[in-house]
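Heads up, the thing below is written out as structure tokens.
The values are calculated or read from the model by the stated rules, or taken from the named source; none is laboratory data. Since this is a predicted model, take the numbers as computed values, not measurements. Here Cβ is always computed from backbone atoms with ideal geometry, including for glycine, and neighbour counts include all displayed protein chains. Ligands, DNA and RNA are excluded from the accessible area calculation, which covers all protein heavy atoms including side chains. Shrake-Rupley method; radii C 1.70, N 1.55, O 1.52, S 1.80 Å.
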Amino acid sequence: MNKYNFAFFDEQSKREIRRALLKAVAIPGYQVPFASREMPIARGWGTGGLQVMLAIVGKKDVIKVIDQGSDDSVNAVSIRKFIKQMTGVLETAETSEASIVQSRHRVPEVPLTGEQILILQVPIPEPLRETEQSELRAKRLHAEKEYSGVWLSLFEQIMKYGCTATGADHPTMVHERYVMSPSPIPRYDNRKLNDCAALILFGAGREKKIYALPPYTKVESLAFVDRPFVSESMHGKICRLCGAEGVFLDESVQAAGAGPFYECNDTGYCRQRQSSKSRLDRGEKSGD
Amino acid sequence: MAYVAVKGGEAAIAESIKRLRYERLRERRTIAVKAIRSGLRALVDRVMSEASLYAKELAALAIKQAEGNPEEATFLLRAYRSTLPRKYYSRLTSMGSMFVERRISAAFKDIAGGQLLGASADYTHRLLDFNLEKETSANVRAWLAAFQREQEAEKPSVMPRVELPRVTDILRSEGLLRHMQQDDTAPRDITRQSMTFPAERSERLQTLTRGESGAVVALGYAAIRGYGLAAHPTVAALVVGRVAITIDYPLGACDSDDEALYLGQVRVTEVDAIIPAAKKGPGGKQEIEIRLGYGLCFGQNESKAIAMSVLDYCLEHPIPDSPVHDEEFVLTHIDSVEASGFISHLKLPHYVTFQSELDAARRINRGER
């Protein structure tokens, strides 16, 4: 039925991507160029992550794909469907059951283990792009560890607004060497990259770059001593579905007049909490 | 272990795909791939050029599937191209061996071999031809028969084989155009190795030739309108014709074309543009040198090939602060699949990133540090 090779690519193409991945793991935070094939999903829709996934996925893997925290989001569904069609591997929505998690802009709430690999989709891999448009010059700045531009732009934000004004994609310093875009994950997720037990791979398809964080890499969010890094405030907000506090929440707007309500952004995590809660309510013991 | 089934989005997606199919078929008519191939030649050419895959049948199929949207059709063809292993590289093809169908020069009134107008809309008035509404296959057959008779009456019994000289060679023989060394360095294949900057000329030409037609034309237009260049290029020659593609015999390189394997022909549009530029002569004297820009693309895509020749020149001769002379600016923004992909990704949910932005804006506006 399947006219395509296992995991879509021919073996030559997979080998090419794996070579780039190995180099990326060897130099944490360094952006390795790769040829980047055109995929059956649009560039900008996660083709970098998908190519990394297809290059590493094996027949025994269990995959989870999330888009902005959700397993149900159309793009997550579409990517997962494609991977399944091309490999026949099992899928899951539970982070703990997955061996490979491909994600757009979230690190799951459930802590990752050394048995797992997280693949993050990246739109703009170059953390210096805002201050240096040229690829060639940015590459030189990285080589010389010349990061005044990034520091200055954070400093300028403090001068203008009294604090740094970054949204998602707050730049990080990897292993005291490379400034790296963590991909547009919320600042809340930045701390999860530091000293993470899992291997984290970043794929930027349109920009044709791969980079990586091997397990237990030191990842610091750029900040000044007297202006520490601040993540999104979830203070006093509770998920209306599972009652979780202190996790990254989606804000939903209701009709005018009524206040916003909140739900866990990580839908897999939320569902898991809801089902274990209902089991407890029924007097059963937690399954695992 | 139970694997949680993922629900929700899946059903909605299936319905959306069904709806798309319905939109294509709702008028109860279907267009044959053959009809697209023969009747939408310009679109087929454009899609093959942007997809950088010379395959008329597949391009026509992609156009059918994409309901005529070139960006979608190019995307389909590129994605298909990704699954094809690269087995061979073709041998060098000399453009001098082209079977010329059209060749015009804007530089000289008379060129050796003559101006050959070929097939072009250039000399038509752009008036809607309402007769085409009623075109029948009987009409078509009658017209074709008459056309054939006319051709046969005029055709000499033996067509002489004429080698058309390159217009630029005439300028070279006069010393106006610098004589260049033949450079047969193997090109870097941008589909196997990502382009790095500064790019090689072979990488630039590959990127330009598969560029989105509108984007290439727009940037070429900006260049000659004054954002850069500041000179009016002259088309020394625009040639449309077919060239043979051959590969080495797989068991060993061959010395002559006769031993090579012939794969087929591709129709291409080739442009040599000449651009005057100041140069320092002997003793610091200002002189004018004539320089060259080169455009070549699959199919008959004349505006694109001309614009490509302008941009090739611009990138060969960078001018600071001019975006069209900046190779990173030009080469990273003209690809149809990349540009439309990133623009269309804005339709994806962004509620995490937006939440993060909102948080920063609220915090700042509340005056929190």
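Within the stretch A:107-244, the proportion of C-alpha pairs whose separation exceeds 25 Å stands at 30%.
Taking the protein heavy atoms of the stretch B:19-82 in the context of the full set of protein chains, the accessible area attributed to carbon and sulfur is 50 percent at 1.4 Å.
Our Cα-only numbers for the stretch A:171-288 put the radius of gyration and Dmax at 18.3, 52 Å.
Spin-label pair B:Tyr89-B:Val162: with each label point 7 Å from Cα along the Cα-Cβ axis, the two points sit 3.6 nm from one another.
Only Lys, Arg, Asp and Glu count, each charged at its Cβ (+1, +1, -1, -1), so figure out the dipole size of the stretch A:233-288 about its Cα centre, rounded to 20 debye.
Values: 8 positive and 8 negative charges, 47 e Å.
Around 220 debye, computed over the stretch A:233-288.
Dividing the alpha-carbon radius of gyration of chain A by 2.2 N^0.38 Å (N being the number of residues), what value is obtained? Could you put the intermediate results ahead of the total?
Details: Rg = 19.7 Å, N = 288, 2.2 N^0.38 = 18.9 Å.
Computed over Cα atoms of chain A, the ratio equals 1.04.
Summarising the amide proton neighbourhood of A:Lys209: residues at separation of 5 or more, or on other chains, whose placed amide H is nearer than 5 Å comprise A:Phe34, A:Ala204.
Ligands, DNA and RNA excluded, the heavy atoms of A:Lys23 present near 100 Å² of accessible surface to a 1.4 Å solvent probe.
Calculate the FRET efficiency for A:Glu176 and A:Lys277 from the Cβ-Cβ distance with a Förster distance of 45 Å, rounded to the nearest 0.05. After rounding to 0.05, the efficiency reads 0.60. Counting only other chain Cβ atoms within 10 Å of each residue's Cβ, the peptide B:75-85 averages 5. Could you state the number of Å between the C-alpha centres of the stretch A:72-123 and the stretch B:202-245? Using only Cα atoms, the two centres lie 43 Å from each other. A 1.4 Å probe run over the stretch A:172-248, with the rest of the protein chains in place, finds 39 Å² accessible per residue.
Calculated [222 nm] ellipticity per residue, helices only, for the protein assembly as shown: -11000 deg cm²/dmol; basis is -39500 (n - 2.57) per DSSP H run with n ≥ 4, divided by all residues, nearest 500. Placing one equal scatterer on every Cα of chain B and applying the Debye formula, the log10 ratio I(q)/I(0) at q = 0.09 Å⁻¹ is -0.69. Measuring between their Cα centroids, the stretch B:267-314 and the stretch A:203-256 lie 51 Å from each other.
How large is the accessible surface per residue of the stretch B:19-82, computed with a 1.4 Å probe and reported in Å² as a whole number? Can you show the working numbers first?
On the way: 3760 Å² over 64 residues.
Accessible area per residue: 59 Å².
Starting from the coordinates of the alpha-carbon atoms of the stretch B:19-82, obtain the Kirkwood hydrodynamic radius over all distinct pairs and give the value in Å to one decimal.
Working: mean 1/r = 0.0861 Å⁻¹.
Averaging 1/r across every pair of different Cα atoms and inverting gives 11.6 Å.
How would you order A:153-159, B:131-137, A:101-107, A:74-80 from highest to lowest mean count of nearby Cβ atoms within 10 Å?
Numbers: A:153-159: 14.7, B:131-137: 8.0, A:101-107: 27.7, A:74-80: 23.0.
Packing order, densest peptide first, comes out as A:101-107, A:74-80, A:153-159, B:131-137.
Heavy atoms of chains A and B lose about 4900 Å² of accessible surface on contact, summed over both sides with a 1.4 Å probe. In summary, the convex hull built on the alpha carbon positions of the stretch B:213-356 has an orientation-averaged projected area of 15.5 nm².
Sorting A:Glu97, A:Glu263 by solvent-accessible area of protein heavy atoms yields A:Glu263, A:Glu97, largest first, with a 1.4 Å probe. Treating r as the C-beta distance of B:Glu316 and B:Arg28 and R0 as 41 Å, the FRET efficiency rounds to 0.15. Packing here is the average count of other Cβ atoms within 10 Å per residue, and on that basis the peptides A:222-233, A:237-248, highest first, run A:237-248, A:222-233. On a per residue basis, the stretch B:247-333 carries 49 Å² of accessible surface, using protein heavy atoms and a 1.4 Å probe. Residues whose amide H falls under 5 Å from that of A:Cys196, counting only those 5 or more places apart or on a different chain, are A:Tyr216, A:Thr217, with hydrogens built in the peptide plane. So for the stretch B:238-290, what percent of the C-alpha to C-alpha distances run longer than 19 Å? Tail fraction, whole percent: 60. The modelled label-to-label distance for the pair B:Thr234/A:Lys59, using points 7 Å beyond Cα in the direction of Cβ, is 6.8 nm. Size of the stretch A:233-288: Rg and Dmax of its alpha carbons, in Å, are 13.2, 43.
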